[in-house]
Structures are given as C-alpha cells and as structure tokens.
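Notes to accompany the following structure.
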Protein chains: 2
Amino acid sequence: MKSEFEIVKKYIKPLVDDNDKYSIGLSDDVGIVDNLIFSTDTIVEGIHFFSNNKPEDIAKKLVRVNVSDLIAKGVRPGFCLLNFSAGSIINERWIKNFMYSLNEDFKKYKINLVGGDTVQTKGKTVLSLCIFGKNPKSNIKLRSSAVPGDNIYVSGTIGDSALGLMVLNNKLQVNKNFKEFLIDRYLIPKPRIELVNIINKKANASIDISDGLIQDLQNLCLSSGVGAKINFTDIPLSAAARSVVNKNSKMIEVILNGGDDYEILFTGPKGIEAKNNIRMIGKITKGSKISILDLKLKNRTIKNGFNHIFK
Amino acid sequence: MKSEFEIVKKYIKPLVDDNDKYSIGLSDDVGIVDNLIFSTDTIVEGIHFFSNNKPEDIAKKLVRVNVSDLIAKGVRPGFCLLNFSAGSIINERWIKNFMYSLNEDFKKYKINLVGGDTVQTKGKTVLSLCIFGKNPKSNIKLRSSAVPGDNIYVSGTIGDSALGLMVLNNKLQVNKNFKEFLIDRYLIPKPRIELVNIINKKANASIDISDGLIQDLQNLCLSSGVGAKINFTDIPLSAAARSVVNKNSKMIEVILNGGDDYEILFTGPKGIEAKNNIRMIGKITKGSKISILDLKLKNRTIKNGFNHIFK
C-alpha cells in the first residue's frame with residue numbers, strides 16, 4: 001500500500017478545493033470555520049502507543065499531540081470532542097486512570113470537553129481527539145508563508161523522543177538518567193503552550209515537528225515554495241542526545257528524521273531566539289533545496305522527502 | 001465489562017459540570033460553542049459495519065449516523081473532520097470507492113470537509129466523523145425539554161434496520177423485495193434532513209432513534225423528567241415490517257428495541273403529523289413510567305432501560 005501521504009493527497013484532497021477557505025485545501029494541520037480553528041489527530045494501539053503503556057501516559061499523549069497542532073498555528077486550545085474506541089486491553093481500571101489523566105491535561109491546557117462517542121472494537125484501541133480554539137486577532141500561522149531571508153527557529157531539543165523509543169525497544173543503551181529522560185520525552189509530549197503568543201505575534205510560517213525535523217522542514221518549505229539552509233551544529237540537543245551522537249555519529253540520522261518531537265519549527269525575523277528556549281538553526285532561502293551544513297557528516301542536500309522511520 | 005452507558009456516566013461525565021453550557025453536561029448528542037453545534041460518532045469494523053460491506057455503503061453510514069444527530073437537534077450540518085484509521089481490509093481501491101461515496105454524501109448534505117487525520121491500525125478499521133453546523137435562530141432542540149401533554153411523533157418507519165440485520169445474518173426469512181428493502185434500510189441510513197425546519201420550529205424535545213425506539217424514548221423521558229404512553233398500533237411500520245410481525249408477533253420486540261433506525265423521535269404540539277411522513281404515536285405524561293398499549297401483546301410498563309440488542 002502507498003504511504004499515508006500519497007493516499008491523502010490522491011483521494012482525500014480532491015474532496016476540497018485547493019483554495020477552500022475552511023480546509024485551506026487540507027494543506028495544513030488545521031481547518032477554519034468562523035472564529036474557530038480546528039485540528040484532529042488519532043493515536044492507535046500498536047502504532048502510536050502500546051498495550052503495556054500506562055493509560056495515564058496514553059491520555060496525555062492523545063491530548064498533547066492535538067494541542068501541539070494548534071499551538072504551532074499560534075492558537076490556544078479551548079474545546080474538544082473525544083472518540084474513544086475501546087479495544088481488548090481496556091478494563092474499568094484502565095478507563096478510570098485514563099480519564100483521570102485526561103482530565104488533568106484538560107485542566108492544564110484549559111480545554112473544555114464538549115462531546116464525544118464511546119464504542120468498543122474487537123481488537124486494538126483507537127483514540128481520536130478533535131480539538132479547536134479561538135482564532136487569535138492576527139491571522140493563524142500556516143506552514144505556507146515562509147519567505148527567503150526568514151530565520152528558521154526550533155523550540156526545545158530535537159530527537160529525544162526518537163531516541164527514547166529506541167531505548168524502550170532495547171535498540172540503544174544509555175545511562176540510567178538519560179534513559180528515564182529519553183523515554184519520558186517519547187511517552188509524554190511537552191507541547192510548547194508557553195510559545196503560543198510568540199508564534200502568534202512573530203512567526204511568518206510555523207509547523208509542529210511530529211514527522212521529524214527534516215520531514216517537517218521539508219513540508220514547510222514545499223508549502224511555502226522556498227528552500228532552507230540549516231546547520232546541524234545549531235540544532236538544539238539535550239545532554240542525553242549529545243552523548244548518544246558523540247558515541248555514534250550515525251545517530252544524527254535518528255535525531256534529524258525520528259519524529260514525535262512535538263517541538264515547534266517556525267520562521268520569522270531576527271531576535272526571537274534571545275529567550276524562551278528557542279534556537280535559530282538556519283535561514284529560509286530561494287529555490288527548493290534543503291541543505292544541511294554538518295560538521296560530522298558531509299554536507300548534503302535534500303530534494304525528496306524522507307520516509308517516516310518511526311511511524 | 002459494564003455497558004457503554006455506565007462507563008460514560010461514571011468516568012466521562014465527571015469531566016464536565018452538569019450545567020456546563022458547552023457540553024450540556026454530556027447529556028445530549030451535541031455540544032455548543034459560540035454559534036456552532038457539534039456532534040461526533042465512530043463506526044467500527046466488526047461492530048457497526050463488516051469487512052464484506054461495500055466501502056461505498058460504509059462511507060454513507062459514517063456520514064449519515066452523524067448527520068442524523070444534528071438533524072434531530074434541528075441543526076443543518078455544515079462542516080466535518082474525518083479520522084480515518086485504516087485496518088487490514090483497506091486497499092487503494094477500497095479507499096477510492098470510499099472517498100468517492102463520502103464526497104457524494106458531503107455534496108448531498110452540503111458538508112464541507114475542513115480537516116482530518118489518516119492512520120493505519122494493525123487490525124480493524126475505525127472511522128470517526130466530527131460534524132458541526134450553525135445554530136439555528138431558535139434554540140436547538142434537546143432531549144430534555146419534553147413536557148406532559150406533548151404529542152410524541154416519529155418520522156419514517158421503525159424497525160426496518162434491525163430486521164434488515166437479521167435478514168443479512170440469515171436469522172429471518174422474507175420475500176425478495178422485502179429482503180432488499182430491509183437490508184438497504186440497515187446498510188444505508190436515511191436521515192430526515194427534510195424535517196430539520198419542522199424540528200427546529202415546532203419540536204419541544206427531540207432525539208434520533210439509534211438505540212431503538214423504546215431506549216431512545218426512555219432516554220428522552222429520563223432527561224426531561226417525564227413519562228410516556230404510546231400505542232404500538234400507531235407506530236409506523238413498513239409493509240415489510242408489518243408482514244414480519246403478522247407472521248410472528250414476537251418480532252415486535254425487535255422492532256421496538258432493535259436500533260439503527262435513524263428516524264427522529266420528537267415531542268411537540270398537535271397537528272405536526274398532517275404531512276411529512278410523521279406519525280403521532282402517543283403522549284408525554286407526568287411521572288416516569290413508559291407504557292406501551294399493545295393490541296397483540298399485553299400492555300406493559302417499562303421502568304428500567306433495555307440493553308442494546310444489536311449493538
């Protein structure tokens with residue numbers, strides 16, 4: 001079967017006009033109706049979470065992957081609907097713990113649950129949240145509005161989640177502190193709600209990093225009709241990720257392409273990085289090339305997208 | 001495991017206040033934010049549809065069970081987000097046919113797709129639609145606003161879908177014409193979009209019949225704090241359903257409790273039944289009893305809910 005992206009493009013995109021004002025041609029993570037901005041993400045047992053994950057962590061993942069989509073557009077979440085398709089792992093205690101944790105996150109991010117549906121599957125658990133928030137007074141920040149000369153910024157640190165999944169699957173050995181840190185970064189996204197005002201006021205284009213830094217940079221560049229030049233050495237790494245790369249430089253690939261970071265990649269004028277845990281990693285350029293200047297590997301240029309490694 | 005209703009009540013309802021204006025305490029099928037009315041329903045392979053159903057029919061079922069929720073509130077659908085969790089039955093041809101049919105229904109009901117998510121499961125297919133429409137100028141019609149003295153109305157005919165499922169599963173034999181009619185009623189709901197203005201202008205309380213006439217009448221009565229007295233002989237039956245009942249009066253139970261009718265059950269003043277394929281089946285009463293006056297079986301009174309038979 002073709003990749004998710006190809007299927008979406010081929011059969012779902014024709015359901016809307018490219019310049020449709022509600023769906024934005026399904027080209028971004030959000031839709032717009034009146035003064036509300038909508039997004040939805042589904043997480044599936046066996047793909048995005050596993051039966052041995054704690055229900056508390058799964059609830060937080062569900063909320064936060066959705067919150068992340070809105071924040072990256074400069075929109076504060078406000079409301080949601082929950083579709084809870086309970087598989088065979090679910091029992092009453094599981095639901096109790098899941099709902100307790102879900103409620104904690106609804107309070108943390110100030111989200112009102114306005115509706116939902118509960119069904120049973122005969123197999124895996126599937127969880128969807130449809131989330132929306134009020135449109136800020138300025139326009140929302142699409143992925144399609146980067147211009148040559150923009151600085152490229154990222155929040156937080158990159159690659160921890162992908163490394164965390166490797167640690168969890170015993171494909172990577174690290175010390176105990178790093179192990180806990182990386183696994184936590186994988187299990188529980190930390191969307192950058194504290195940056196919503198900066199994105200909203202300062203960004204030109206913005207996207208959350210869910211498919212990997214390079215993939216999402218490419219998504220942003222393709223949508224904006226621009227290229228990019230980034231420096232690997234400027235990409236913010238945690239102490240844990242830096243230690244992994246120092247031991248094995250091939251792990252750079254995992255960090256660049258791993259996904260599930262839920263940090264924000266955005267473009268804008270100079271001077272944003274001074275505070276707020278934001279780093280400038282490069283520049284938007286004319287053309288369509290994405291170049292990575294890299295001290296450890298050879299410099300390289302990306303023309304076509306990477307496949308998801310960890311999806 | 002406890003029933004869906006009990007789980008929802010016990011663990012999801014505490015996530016909102018009973019008098020919360022957005023969720024209406026999760027007591028109805030809809031939520032309200034600003035001028036928009038929201039609903040969401042999920043259909044699952046192996047429960048609500050089967051791997052040998054045509055993707056075209058599954059798409060229509062997905063749209064229509066959701067449309068039905070809004071119509072019953074007197075709200076015209078306008079927008080939706082799709083969560084498409086593709087299981088192992090899905091191939092490119094399936095998706096092509098599904099999306100073609102989905103698009104037909106989006107046009108039929110004038111629904112704009114504004115967003116969605118596509119993921120793969122490792123098992124069953126799970127499909128969610130989050131649907132919303134603009135609030136009519138009058139208030140939306142909740143299930144909680146029936147008053148003693150109201151007439152009780154239903155649209156269309158009752159029980160066909162439940163009988164259709166029995167025919168499909170070789171648990172009921174009927175002639176060829178009836179067979180096609182009943183199976184079609186099960187596979188492809190026909191939500192009563194033509195009644196949205198009447199519901200909106202005339203109804204006091206309203207609910208769509210998805211869990212069975214008696215169950216949904218009871219849901220309406222419980223929410224409104226009223227009872228009801230209905231006459232089985234006034235319940236509109238198709239020629240097919242009438243033929244089934246004439247041969248075996250026990251099938252009355254299937255018709256009353258079967259579910260998946262996607263007709264509208266509503267209450268209001270006299271005189272609505274004169275047109276539009278609507279029938280008056282009884283009266284809202286004081287108290288909490290639901291009495292069914294029945295020529296074939298004994299009269300009976302319902303105090304506690306029925307379990308879903310076909311869900």
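Inter-copy label distances for A:R242: 8.3 nm (label point placed 7 Å from Cα along Cα→Cβ; shortest first). About its Cα centre, region B:48-130 has a charge dipole of approximately 160 debye under the convention of +1 per Lys or Arg Cβ and -1 per Asp or Glu Cβ, with nothing else charged. Here's how it looks for A:I278: its modeled amide H is under 5 Å from none belonging to a residue 5 or more places away or on a different chain.
Spacing of the modelled spin labels on A:K201 and A:S138, each 7 Å from Cα toward Cβ, amounts to 0.8 nm. When Rg and the Kirkwood radius Rh are both evaluated on Cα atoms of the protein assembly as shown, their ratio Rg/Rh stands at 1.02.
Close amide H partners of B:L36, meaning residues 5 or more places away or on another chain with modelled amide H under 5 Å apart, are B:N135. A Förster distance of 30 Å, applied to the separation of the beta-carbon atoms of B:I89 and A:W94, puts the FRET efficiency at 0.65. Counting only DSSP beta bridges with both residues in the protein assembly as shown, the antiparallel share comes to about 75 percent. Over 28 Å apart at the Cα level, from the set B:K250/B:K283; A:K61/A:K247; B:K73/B:K283; A:K141/B:K21; A:K96/B:K61; A:K201/A:K229, are A:K61/A:K247; A:K141/B:K21; A:K96/B:K61. Across region B:1-102, the convex hull enclosing all Cα atoms gives 127 Å³ per residue. In order along region A:122-127, phi translates into HN-Hα couplings of 9, x, 7, 7, 10, 10 Hz, rounded to whole numbers, per the Karplus curve 6.51 cos²θ - 1.76 cosθ + 1.60 with θ = phi - 60° and x for Gly and Pro. Which of A:L182, A:N277, A:Y100 sits farthest toward the positive end of the charge dipole of chain A, with +1 on the Cβ of Lys and Arg and -1 on the Cβ of Asp and Glu? Value: A:N277. Rounded to the nearest 5, the antiparallel percentage of DSSP beta bridges internal to chain A is 75%.
Partner aspartates and glutamates whose Cα lies under 14 Å from the Cα of A:K60, excluding those fewer than 8 positions away in the same chain, are identified as A:D41, A:E104, A:D105, A:D184, A:D260.
Shape index of chain A: Rg/Rh, with Rg the Cα radius of gyration and Rh the Kirkwood radius from the inverse mean 1/r over Cα pairs, equals 0.95.
Take B:K283, push a point 7 Å out from Cα through the beta-carbon direction, and compare it with the same point in every other copy: 8.4 nm, smallest first.
Relative contact order, whole percent, for region B:131-251 stands at 41, derived from Cα pairs under 8 Å and 6 or more residues apart.
For chain A, the list of Cys residues with no other Cys C-beta under 4.7 Å reads A:C80, A:C221. Taking the helices alone, chain B has a mean residue ellipticity at 222 nm of -9000 deg cm²/dmol, built from -39,500 (n - 2.57) per DSSP H run of at least 4 residues and averaged over all its residues. In chain B, taking the dipole from charged Cβ atoms about the Cα centre, the farthest positive-side position among B:I230, B:L256, B:G156 is held by B:I230. Between amide H atoms placed 1.01 Å from N, distances below 5 Å from B:D117 occur with B:L82, B:N83, B:F84, all of them 5 or more places distant or on a separate chain.
Provide the percentage of antiparallel DSSP beta bridges, counting only those with both residues in region B:1-151; round to the nearest 5. That works out to approximately 70 percent antiparallel. Between copies, B:K54 shows label-point distances of 5.0 nm, shortest first, with the point placed 7 angstrom from Cα along Cα to C-beta. For region B:171-243, the Cβ-based charge dipole about the Cα centre amounts to some 200 debye (Lys, Arg positive; Asp, Glu negative; other atoms uncharged). Rounded to the nearest 20 debye, the dipole size of chain A about its Cα centre is 760 debye, using +1 on the Cβ of Lys and Arg and -1 on the Cβ of Asp and Glu.
Computed over chain B with a Gaussian network model linking Cα atoms closer than 10 Å, the most mobile of B:N83, B:N200, B:N19 is B:N19. If you run the Gaussian network model on chain B, springs between alpha carbon atoms under 10 Å, then out of B:D34, B:D57, B:D150 the most flexible one is B:D34. Per-residue 3J(HN,Hα) values for region B:250-265, derived from phi via the Karplus relation 6.51 cos²θ - 1.76 cosθ + 1.60 with θ = phi - 60°, read 5, 5, 3, 4, 5, 5, 6, 10, x, x, 6, 6, 6, 8, 10, 10 Hz in sequence order (x marks Gly and Pro).
Gain on full extension, evaluated as 0.36 nm per residue between A:V147 and A:K108 minus their Cα-Cα distance, stands at 10.6 nm. Evaluating 6.51 cos²θ - 1.76 cosθ + 1.60 at θ = phi - 60° for every residue in region B:46-63, the Karplus couplings come out as x, 10, 9, 8, 10, 4, 8, 6, 6, x, 4, 6, 5, 4, 5, 4, 4, 5 Hz, glycine and proline recorded as x. Note on A:K134: aspartates and glutamates with a C-alpha under 12 Å away, same-chain residues under 8 apart excluded, are A:D34, B:D34.
Once the C-beta distance of B:K286 and A:F50 is scaled by a Förster radius of 51 Å, the resulting FRET efficiency is 0.45 to the nearest 0.05.
Rule-based calculations on the coordinates, nothing more; no lab input. As the structure is a computational prediction, the values presented were derived from the model and not from experiment. All Cβ positions, even for glycine, are placed from backbone atoms using ideal geometry, and neighbour counts span all protein chains on display.
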